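Read the structure below first, then the notes.
None of the figures in this text is laboratory data; all of them are computed from the coordinates on show. All values reported here derive from a predicted model rather than from experimental measurement. Here the Cβ positions follow ideal geometry from the backbone for every residue, glycine too, while neighbour counts run over all protein chains shown.
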Ligand code: FAD
């Protein structure tokens, strides 16, 4: 049997080798698999991004009618709402990630995927230039490739904004990508071992070393929005449930501080929820400093300015995580500048905040270019909920409006996008949550202005809703099973605290 398999394998490779010269020729012409099939005359849709907006768009599109190419430097989709839990080991990173090739492979006519950064768009010739990853073996620089398009869908998201505050980019960790969360997890665990070793080498009250242990064990989160609040909550749980068990000598010296520039945390939720969330975090053992702006950061120190009396103070810290807001990516800014006109007038305090679009996500001033999600100025808050709905809407618009026939199809006649706000949820620690839900009681028949009745739920019930809703919104069964397994293992055996790096 082994001999038979060996012979079959050799024959296969011999045949494959015979095919090689053609394939190489294709590759030279323009990335082999991505060269167009001229006979089919399908319109090409190039989608930039592999996040909420891009994936939901591609899933709703009738892929059999278009030649779809998805381009993103990130080869996987990840479930952002559970990212904070990765930093503390509540869930594994692989439980919230799913390869784009897998997602695309589930579709009736799987689109092509190219791992690359889009770097510029030639609007006149309808072509997008992308840079592919470096050669992993030699580190040779990436190559640029150009894809022509009939329609370009820009869903590149946003990046963390440091608001130009000195030292933030150099010293703070971000909480935006899976890699950020993993870096924070490594820092947390390494700091625990470092502080533990330091404390063991020194009797209590020994000046400098004591101070160094306390500094190392001071974890500061900046930004009182949902990401900052949930990360603070996760850190408190981690300390109270696991670190206390494994690092008994130092766990009570860990300080967790949440710093927020305005007067309340979860400022976009109803006021009652903000107060509840702050109290819950304090109850879980965090310090919550509101009305404090970060004005500068050094390797060991954060400088704060009080909003009220403008007094300044310093916080010594061991780990700082920045969850202070988002801004347009340089690529989005470049597109806005290249389009010019109305796009460059869209200057907020920090410059271009996104691409201006109409109610059907057409980018103003650019033909056959669409933008959605966090990189578009659509009037929606930058949330997964909005990006997902926008992608769904645009996919259906492409499917139903006859765009494939060329030109603008029936886009002008199509109903504009309407965001359906289902509300917001956040985890606030110690198995408590907050839910500010909009109950669309009237369904599709809601008269104007009705059907937005708020329902506020707090505590353990909200935690139950938070877990079940986040679980049900995950995009793959595999991830759902993994997350439930992580939650179960965590509650039975605690979080993983090994440091294998
Ligand atoms: P993204 O999901 O950010 O995707 C952008 C994609 O574009 C990425 O794949 C990126 O790699 C790719 N890209 C970047 N540059 C280029 C380029 N030059 N060329 C090609 N591709 C490029 N929202 C909620 O509604 N509920 C929540 O609970 C929630 N929790 C969150 C928790 C965290 C920690 C974070 C960071 C965000 C959270 N959000 C939440 C917000 C939500 O994740 C974003 O609003 C959402 O991801 C926006 O979707 P998007 O498709 O616009 O962008």
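Roughly what angle does helix 226-238 make with the longest principal axis of the chain, taking Cα atoms, 0 to 90 degrees, to the nearest 10?
It is inclined by approximately 50 degrees.
How big, in percent, is the set of alpha carbon pairs in the stretch 452-501 lying more than 17 Å apart? It would help to have the intermediate numbers written out before the result.
Working: 674 of 1225 pairs.
Looking at the stretch 452-501, the distances longer than 17 Å represent 55 percent of pairs.
For residue 170 and residue 65, what is the calculated FRET efficiency with R₀ set at 56 Å and r taken between the beta-carbons, to the nearest 0.05?
Values: r = 48 Å, r/R0 = 0.86.
Here the calculated transfer efficiency is 0.70.
Can you give the FRET efficiency for residue 338 and residue 142, using 1/(1 + (r/R0)^6), R0 = 25 Å, r = Cβ-Cβ distance, to the nearest 0.05? It would help to have the intermediate numbers written out before the result.
Details: r = 21 Å, r/R0 = 0.85.
Efficiency computed from Cβ-Cβ geometry: 0.70.
If we sort 55-67, 140-152 on the protection proxy, mean other Cβ atoms within 10 Å, highest first, what's the order? Can you show the working numbers first?
Numbers: 55-67: 21.0, 140-152: 16.1.
With the highest mean Cβ count within 10 Å placed first, the list reads 55-67, 140-152.
When a/c is below 1.5 the answer is rounded, else prolate if a/b is larger than b/c, else oblate, so apply that to the stretch 257-376 with a ≥ b ≥ c taken from the square roots of the Cα gyration tensor eigenvalues. Let's see the in-between values first.
On the way: a/c = 2.92, a/b = 1.99, b/c = 1.47.
Judged from the Cα gyration tensor, the stretch 257-376 comes out prolate (a/c at least 1.5, a/b above b/c).
Of all DSSP beta bridges located in the chain, what percent are antiparallel, nearest 5?
On the way: 43 of 77 bridges.
Around 55 percent antiparallel, to the nearest 5.
Using packing as a proxy for protection, rank 268-279, 312-323, 387-398, 487-498 so that the peptide with the highest average count of other Cβ atoms within 10 Å comes first. Can you show the working numbers first?
Details: 268-279: 18.2, 312-323: 20.2, 387-398: 22.9, 487-498: 13.7.
Put in order of decreasing packing, that is 387-398, 312-323, 268-279, 487-498.
By count of other Cβ within 10 Å, fewest leading, how are 466, 52 ordered?
On the way: 466 22, 52 27.
In order of increasing Cβ crowding within 10 Å: 466, 52.
Nearest 0.05, what FRET efficiency do residue 499 and residue 287 give at R0 = 25 Å with Cβ-Cβ as r?
On the way: r = 27 Å, r/R0 = 1.07.
It comes to 0.40.
Using all alpha carbons of the chain, what is the percent of pairwise distances in each 20 Å bin, ordered from the shortest bin to the longest?
Calculated over all Cα pairs of the chain, the distribution is 20, 50, 26, 4, 0 percent.
How much length is gained if the chain between residue 485 and residue 41 is pulled fully straight, taking 0.36 nm per residue apart and subtracting their Cα-Cα distance, in nm to one decimal? Working shown, then result.
Details: separation 444, 0.36 × 444 = 159.84 nm, distance 4.66 nm.
So the chain would gain 155.2 nm between residue 485 and residue 41.
Using the alpha-carbon atoms, what tilt in degrees (0 to 90, nearest 10) does helix 384-400 show relative to the longest principal axis of the chain?
The angle comes out near 10 degrees.
Evaluate the distance, in nm, between pseudo-label points positioned 7 Å from the Cα of residue 412 and of residue 179 along their respective Cα→Cβ axes.
Label-label distance for residue 412 and residue 179, simple model: 4.6 nm.
Bin width 5 Å, origin at 0, all Cα-Cα pairs of the stretch 78-124: what percent of pairs per bin?
Result returned by the calculation: 5, 17, 16, 13, 16, 17, 10, 4, 2, 0.
Need the full-extension length gain, residue 477 to residue 461, defined as separation in residues times 0.36 nm minus the C-alpha distance. One decimal, nm. Present the calculation step by step, with values, prior to reporting the outcome.
Numbers: separation 16, 0.36 × 16 = 5.76 nm, distance 2.45 nm.
Contour length minus the Cα-Cα distance gives 3.3 nm.
Roughly speaking, what is the stretch gain from residue 399 to residue 311, that is 0.36 nm per residue apart minus the C-alpha to C-alpha distance, in nm to one decimal?
Details: separation 88, 0.36 × 88 = 31.68 nm, distance 5.75 nm.
Result for the pair: 25.9 nm of gain on full extension.
For the chain, take the longest principal axis of its alpha carbons; what is the angle in degrees between that and the long axis of helix 271-283, to the nearest 10 within 0 to 90?
Relative to the chain, helix 271-283 is tipped by roughly 60 degrees.
In whole angstrom, how far apart do the alpha carbon centroids of the stretch 357-436 and the stretch 67-117 sit?
Computed from Cα coordinates, the inter-centre distance equals 19 Å.
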